[in-house]
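> Handing you this structure, nothing more for now.
Only the coordinates and a few stated rules stand behind these numbers; no lab work does. None of these values were measured; they are calculated from a predicted model. Please note: Cβ atoms are built from the backbone with ideal geometry, for glycine as well, and neighbour counts cover all protein chains shown.
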Amino acid sequence: MFQSSIIEKCKQNDRKAQMQLYNQYCQGMYIVAKRFLKQDAEAEDMVQEAFIKAFSKLHQYQAEVTFGAWLKRIVINTCIDALKSKNQQMVALEEVHLKVVDTDENDKWLVDDAVTLDDIKEAILKLPEKYRYVVMLYIMEGYDHQEISEILKISEVASRTQLYRGKLQLQERLNQVKNGTRY
């Protein structure tokens, strides 16, 4: 109830309500942006830009999902667009070269106890971009393949394949960490 009244006030350009909504979500959205962008200032800029987009398109918000989920998607798309514009283009895989990859239900994303969270984050950042984005969206943001395909404008088959290949590279990098060779 409280949330929807703030959103309604924001739709009417109530600056106080917009500031209240911004304060409620800015830290969480910064954390999301920071996962994609290495520099603090860049992440802050993308959060600001995402809020501007959100407020200008607030009339399109229909409460089909939570406001936070809707805003998070805008932040992620804004970050990916920024990365693309910096000539860090994601390499699109040709559909012809893709195969459907189904993982075993027992397959888990487990790592050795010697591997730290920082090691995992560092390994993810070193993945090729075409794998990194899918891995980040799937593991860190919790999106499914349909949502990832919409966000990255790739097919669900490409999402599954890139996740599988990214996971293999990630496991390989983490095994190097575990065995002391680093990467």
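> Can you give the charge dipole size of segment 2-52 about its Cα centre, rounded to the nearest 20 debye, using +1 on the beta carbon of Lys and Arg and -1 on the beta carbon of Asp and Glu?
Working: 7 positive and 7 negative charges, 36 e Å.
Approximately 180 debye in magnitude.
> Whole-Hz Karplus ³J(HN,Hα) for segment 33-44, in order, using 6.51 cos²θ - 1.76 cosθ + 1.60 and θ = phi - 60°, x for Gly and Pro?
4, 5, 5, 9, 10, 6, 9, 4, 4, 5, 5, 4
> Just the Cα atoms of segment 30-88, one point each, no solvent: what log10 I(q)/I(0) does Debye give at q = 0.12 Å⁻¹?
Per q value, in the given order, log10 I(q)/I(0) is -0.27.
> Separation between the R15 and D81 pseudo-spin-labels, each 7 Å from Cα along Cα→Cβ, expressed in nm?
2.5 nm
> For the pair C26/T66, report the inter-label distance in nm, with labels modelled 7 Å from Cα in the Cβ direction.
2.1 nm
> May I ask you to evaluate 6.51 cos²θ - 1.76 cosθ + 1.60, the Karplus curve with θ = phi - 60°, for each residue of segment 62-78 and list the ³J(HN,Hα) values in order in whole Hz, giving x for glycine and proline?
For segment 62-78, the Karplus-derived couplings read 10, 6, 6, 10, 5, 4, x, 5, 5, 5, 4, 5, 5, 4, 4, 4, 5 Hz, x marking Gly and Pro.
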